[in-house]
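Structure record follows, encoded as structure tokens.
The values are calculated or read from the model by the stated rules, or taken from the named source; none is laboratory data. Here the structure is a predicted model, which means the values were calculated and not measured. Reconstructed Cβ throughout: ideal geometry from the backbone, glycine too, with neighbour counts over all protein chains shown. Surface areas here come from the heavy atoms of the whole protein model, side chains and all, with no ligands, DNA or RNA. Shrake-Rupley method; radii C 1.70, N 1.55, O 1.52, S 1.80 Å.
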Amino acid sequence: MLVSFKIQKFNPEVDAKPYYRDYEIELPERATVLESIIAIKEEIDGTLSFRCSCRSAICGSCAMRINRCAKLACKARVADEVNRHGSILIEPLQKLKVIKDLVVDMDPFWRMIEKVKPYLMPDPNEAAPERERLVDPSTTEDVIRNSLCILCACCHTDCNVAELEPGFVGPAALAKGQRYVADTRDGATDERLKSLSEPHGLWECARCFACTQVCPKGVDPRESIRRIGHLAYERGIRSDEGIKHAQAFLDSVKASGRLNEATLPLKTKGLGVVGMTPMALQMFLKGKVPFPIQRPVPDMEEIRKIFELTEKQR
Amino acid sequence: MLEYDVVVVGAGLAGMRAAIEASKKTAKVAVLTKVHPVRSHSGAAQGGINAALSPADSPESHAFDTVKGSDYLGDQDAIEVLCSEAPGDIIELEHMGTVFSRASDGRIAQRPFGGAGFPRTCYASDITGLVILHALYEQMLKLGIKVYDEWFVTSLAVDDGVCRGIIAIDLKSGKLEAVKAKAVILATGGCAPVFHNSSNALISTGDGMSLAYRAGATLMDMEFLQFHPTTLKANGVLITEGARGEGGYLLNALGERFMAKYAPNKMELASRDVVSRAEQTEIEEGRGIDGCVLIDLRHLGAQKIKERLMQIRELAMDIAGVDPIEQPIPIRPGAHYSMGGIKTDVHGATMLKGLYAAGECACVSVHGANRLGGNSLLETIVFGRRAGRAASELACSVAGASFPEAALSDEERRISELLKREKGERAHVLRKELQEAANTNLGIFRVAKKMQNCVEKVRELKERYARAIVQDRGRIFNTDLTNALQTGYLIDLGEAMALGALAREESRGAHSRLDFPKRDDEKWLKHTLAYWTPNGPRLGYLDVTMTKWPPAERSY
Ligand SMILES: Cc1cc2nc3c(=O)[nH]c(=O)nc-3n(C[C@H](O)[C@H](O)[C@H](O)COP(=O)(O)OP(=O)(O)OC[C@H]3O[C@@H](n4cnc5c(N)ncnc54)[C@H](O)[C@@H]3O)c2cc1C
Ligand code: FES
């Protein structure tokens, strides 16, 4: 099949800014995007630059934006892209500085991964056994699921929060964090939970599920984030605004079946709410501040049942 | 100029294990790698890593299986080291945090693998390489070992017969840099992409083997290239031996488990060379399907497949469009692993002073004429550790000598010449012709005439390569340039393979000749050595080290 590609190019040695170049190439039916750009590099444009290595979705090198979604080029099929989008647009991953064409500077991503102390920290008071540490196989599900992560940065660079808040540690790092939190051999669970709960940590996640959707390996980072959040809550690690916010949500719905947006900031931020005064004033002037006293929803019995049921299912 | 005690080239399992060990003796350790460490090809290893952990198993029986698997070409002293140190190394990996699948008693689970008399392959589902790669990388972070990632090494600096450091392109800046070192460890992985559609990564281009060879270290046993029995037709991507270890069947077009004819005792779990030959015979005799045979996993059931073979299920669905829960997967033998490599002793020392090698680029030799599945990951760990130790000991015992000044400017000249050259062929054309020639003439069954063709073809390619061009003339992240350099490495190695194979007039392990179908211990129980000369490799031979196991007939 003859396929058209539009690819973002940028060579810092000659170009002032990125531009798009069109290519057209004959490809076999089941070609992947990676095979296609390799063919373009070999047959049309030797300067086209991208990373690739394993061709089998395991090394994480070839992440790029394909039709505006972060994907592994070696896993994305040309035919699928054409069927869905009519053509193929390839751009570098978002948020990271472009080094050349589709090659981005991954350093900021690696720094985020390093933040979660991604190595085993056994309990220092326990001597290492002579043999392996024993692990109950029924506890390894989360560890294995998170271990599937190949650090391709698809989730990180398509994360909606990281877009607004570049300091957010991001879904890949948090999944790595859960890999160690869930590991029964690790002795630093509380320390990890505390640090993962700090500002720019897990509570900054907006629960949009973009990470889970783009992950090419089925890691489900959002689920990892939920599980560390849950554990932190259970272990009483509740000092971050994020978790207070979640608690305030819960309390409000439990009390009235409604979200009380007027009292939420107070409960989340405590005295820190004073800092929000200018915004609150502006909102008030525009009639956007809701009345703090709310009538409960008519059928509170239903709400109570929902809470009971969730409690039971945990 | 950057200066270190120990420079490790390569950040796969062997390189990182070496660096971690070296850092115990000296803080001045750096790792250089052409891709970020977690992108290294070790991460693609699926099936597992061997060690006699069970009280019912023993390092001796692991060693015997390895010797037999090697078709008696492996050096038995090295094999004894490998197998006796394996349990300790696995426990150490576990203590570092490596994730292993577990048995119900909480111990590391082990699965059966080809050519093994006991289920001794430790694994993490079918992502064993990935979890060990990450564990070692994370240890490197913890220890703060310096990594220069996306530094592409183009040559070794040798002075007075001693390796003094390396020269590399920093891909992100495009600058050529010299790094001085008291000891250099090469851990650059394999070279199966001499063949078309190998199971290896695109970056497994034998760089270190070629660099060492050009610098005066010796290559050994290059003709022994393993064909893995189960690779996908479309692009050579691997279906792990673990699939047969878990009980998968190999079927021909008639639906027969044909291994009954070739290895009635071990069936699908015979040694890889045996299984690959059986498949090729079935295909050539007309009992294949579209150039393939089938691996059938359906009887294992959905749960086992999803739990223990999740990655290969995904690969089969993505690449072949087949869900192994419902259909058998078409597979065929494919180039997979280089038993040969840079000749080293059991401490990783090469024939060139100051230069060490470990992992797939090295030839200790523990695999001889045929490697057992699960022994390669083990080799990277055991001999990576040993090379790290020996190199750091050397570095701590010698004074820093000078770096040969001209080396950097010579290399700069060579690379700018290549970048400026105007008329000629692009390197990928040559790479494809090399791969085509290797597949046609140096495959599973070999004969003199075809191998001769291959030798001639490689010589022609060498000449054309001297005039090859690159299209990208820039400096920053120039992968057109690195591809061209990699093609040069592959051509070097293809020549050593073809010549070694042509000279060896017998059949042993992966080297199987139709014109000399028998193993010939009288004449050929010896290693092939290849020394670089301007006119192509000069071959030499070396006796095999034997300790306990005299050569015996090999059947499965
Ligand atoms: C698909 C597949 C599955 C496998 N499964 C198993 C298995 O289950 N069990 C088993 O025992 N074995 C298995 N093997 C074999 C085993 O994985 C490899 O032999 C082993 O991982 C090689 O490790 P290494 O550290 O030597 O090299 P690699 O992991 O290949 O690392 C090479 C390193 O060298 C660097 N490098 C290379 N050239 C340069 C250069 N010019 N400049 C700078 N850096 C450079 C690279 O960046 C990389 O970091 C498998 C192999 C394949 C292909
Ligand atoms: S090339 Fe390795 S993930 Fe695509």
Tell me, what is the 1.4 Å probe accessible area of B:LYS266, in Å² to the nearest 10?
-> 70 Å²
The range B:1-143 pair-distance distribution - Cα-Cα, 5 Å bins, rounded % | 2, 10, 17, 19, 18, 16, 11, 5, 2, 1, 0
Restricting attention to the alpha-carbon atoms of the range B:347-415, what are Rg (one decimal) and Dmax (integer), both in Å?
-> 15.9, 44
Net charge, B:ALA278 excluded, C-beta distance under 14 Å - Lys, Arg +1, Asp, Glu -1 = +1
Would you look at the GNM of chain A, springs on alpha carbons closer than 10 Å, and say which of A:LEU72, A:LEU250, A:LEU102 moves the most?
-> A:LEU250
Order the following by accessible area, largest value first: B:GLU495, B:GLU80. Probe radius 1.4 Å; ligands, DNA and RNA are ignored.
-> B:GLU80, B:GLU495
Binned at 10 Å from zero, the C-alpha pair distances of the range B:406-518 give percents of 14, 38, 25, 16, 7, 0
Once both label points are put 7 Å beyond Cα along the C-beta direction, the B:SER61-A:GLU165 separation in nm becomes 5.7 nm
Which ³J(HN,Hα) values in Hz, rounded to whole numbers, follow from the phi angles of the range A:227-232 under the Karplus curve 6.51 cos²θ - 1.76 cosθ + 1.60, where θ = phi - 60° and Gly and Pro get x?
-> 5, 5, x, 4, 5, 4
Of every Cα-Cα pair in the protein assembly as shown, the percentage lying beyond 50 Å is 19 percent
Taking Cα pairs under 8 Å and at least six residues apart, what relative contact order does chain B come out at, in percent?
-> 22 percent
Segment A:GLU43-A:GLU261, length gained on full extension (0.36 nm per residue, minus Cα span) = 72.5 nm
Helical mean residue ellipticity (222 nm; -39500 (n - 2.57) per DSSP H run of 4+; nearest 500) of chain A | -11500 deg cm²/dmol
Taking the alpha-carbon centroid of each part, what is the distance from the range A:96-118 to the range B:49-82 in angstrom?
-> 42 Å
The set of residues whose placed amide H lies less than 5 Å from the amide H of B:GLY165, leaving out same-chain residues fewer than 5 positions away, is B:ALA157, B:ALA181
Averaged over B:33-44, number of beta-carbon atoms from partner chains that fall within 10 Å | 5
Where does chain B land on the Kirkwood hydrodynamic radius, alpha-carbon pairs, in angstrom?
-> 23.4 Å
Per the 1/(1 + (r/R0)^6) rule, R0 = 41 Å and r from the Cβ atoms of A:THR184 and A:GLU26, FRET efficiency to 0.05 is 0.15
Would you work out what percent of the accessible area of the range A:2-104, with all protein chains in place, is carbon or sulfur (probe 1.4 Å)?
-> 50 percent
Karplus ³J(HN,Hα) for the range B:457-474 (6.51 cos²θ - 1.76 cosθ + 1.60, θ = phi - 60°; Hz, whole; x = Gly/Pro) runs 4, 5, 4, 4, 5, 4, 5, 5, 4, 4, 10, 5, 10, 10, 8, 7, 9, x
Of A:ASN125, A:ASN160, A:ASN83, the most mobile residue in a GNM of chain A (C-alpha springs, cutoff 10 Å) is A:ASN125
With each label point set 7 Å from Cα along the Cα-Cβ vector, what nm distance links A:GLU308 and A:PHE291?
-> 3.2 nm
Who wins for biggest fluctuation among A:ALA31, A:ALA246, A:ALA262 in a Gaussian network model of chain A, springs between alpha carbons below 10 Å?
-> A:ALA262
Per 5 Å bin from zero, what fraction in whole % of the C-alpha pairs of the range A:249-313 is there, up to the bin with the longest pair?
-> 3, 16, 21, 19, 15, 11, 8, 6, 1
Hull volume per residue for the range B:230-335, using the convex hull of the C-alpha atoms, in Å³ is 87 Å³
Around B:TYR541, which amide H atoms from residues at least 5 apart in sequence, or from another chain, sit under 5 Å from its own amide H, with H modelled in the peptide plane?
-> B:LEU529
Å² of accessible area per residue within the range B:230-335, as computed with a 1.4 Å probe and no ligands counted | 36 Å²
Which whole-number percentage describes the relative contact order of chain A, with Cα contacts under 8 Å and a sequence gap of 6 or more?
-> 13 percent
Estimate for me the total accessible surface buried between chains A and B (protein heavy atoms, probe 1.4 Å, no ligands or nucleic acids), in Å² to the nearest 100.
-> 5100 Å²
Local electrostatic count at A:LYS305 - Lys and Arg +1, Asp and Glu -1, tallied over other residues with Cβ under 14 Å = -2
Distances over 29 Å make up what percent of all Cα-Cα pairs in chain A?
-> 52 percent
In whole Hz, the Karplus estimates of ³J(HN,Hα) for the range B:248-261 (6.51, -1.76, 1.60; θ = phi - 60°; x where Gly or Pro) are x, 9, 9, 10, 9, 4, 8, x, 8, 7, 5, 4, 4, 6
Can you grab the distance from the C-alpha centre of the range A:1-55 to the C-alpha centre of the range B:287-320, Å, no decimals?
-> 32 Å
With a Förster distance of 22 angstrom and the Cβ-Cβ distance between A:GLU191 and A:SER239, calculated FRET efficiency to the nearest 0.05 equals 0.95
Unit charges at the beta carbon, dipole of the range A:249-313: most positive-side option, A:GLN313, A:VAL273, A:PRO290 | A:VAL273
Obtain the nm distance between the two label points defined at A:MET300 and A:THR277 by a simple spin-label model: each point lies 7 Å from its Cα along the Cα-to-C-beta direction.
-> 3.5 nm
Kirkwood-based shape ratio for the range A:107-234, expressed as Rg/Rh from alpha carbons = 0.98
The answer for the per residue Cα convex hull volume of the range A:22-176, in Å³, is 169 Å³
Distance from the range B:155-200 to the range B:119-154 (C-alpha centre basis), Å = 19 Å
At 222 nm, what helix-only mean residue ellipticity would chain B give, in deg cm²/dmol to the nearest 500, using -39500 (n - 2.57) for each DSSP H run of four or more?
-> -11500 deg cm²/dmol
Estimated FRET transfer efficiency (B:ASN535, A:GLN94; beta-carbon r; R0 51 Å; 0.05) | 0.45
